[in-house]
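Here is the structure we will look at.
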Amino acid sequence: MTLDQGEPAGPASRTTANGFGQLTAVASDFEALFDAVEDEWQDRALCAQTDPEAFFPEKGGSTREAKRICSGCEVKADCLEYALHNDERFGIWGGMSERERRRLKRGII
């Protein structure tokens, strides 16, 4: 399989001598891009500018301050998505406690 003139060049069109695409290279490129985008939201998070202890209170401690900070954060949705995707079990992420995230995953909220 070769590229004909007029075919677009790019990751989807990479081929090898045996005709198979270089899926490993494409996957690697995608993962690097995904990681860069993933880290970008964290740089803009308000929690990165505050005391991290507020977001990881002791058992029975108040989550009020962390949730107040989250309420004004522009990347709150990205943060919650990250926590759900990575099964974060501790701390306040996206304005939700561990218990609230478990309920959300189970469809209770």
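At-a-glance table
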| read-out | value |
| --- | --- |
| Residue within region 20-27 that is at pLDDT below 95, in contact with a strand residue (DSSP E or B) (Cβ under 8 Å, 6 or more places away or on another chain) and surrounded by 12 or more Cβ atoms within 10 Å (Cβ to Cβ) present | yes |
| Count - residues of region 84-109 that are more than 17 Å from GLU53 (Cα to Cα), touching a helix residue (DSSP H, G or I) at 6+ places or on another chain (Cβ under 9 Å) and surrounded by 11 or more Cβ atoms within 10 Å (Cβ to Cβ) | 4 |
| Test: residue in region 94-102 that is of a type in the set (A, V, I, L, M) and in a helix (DSSP H, G or I) | no |
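The values are calculated or read from the model by the stated rules, or taken from the named source; none is laboratory data. Given the structure is predicted, the values throughout are model-derived calculations rather than measurements. No Cβ is skipped: glycine too gets one built from the backbone with ideal geometry, and neighbour counts run over all protein chains shown.
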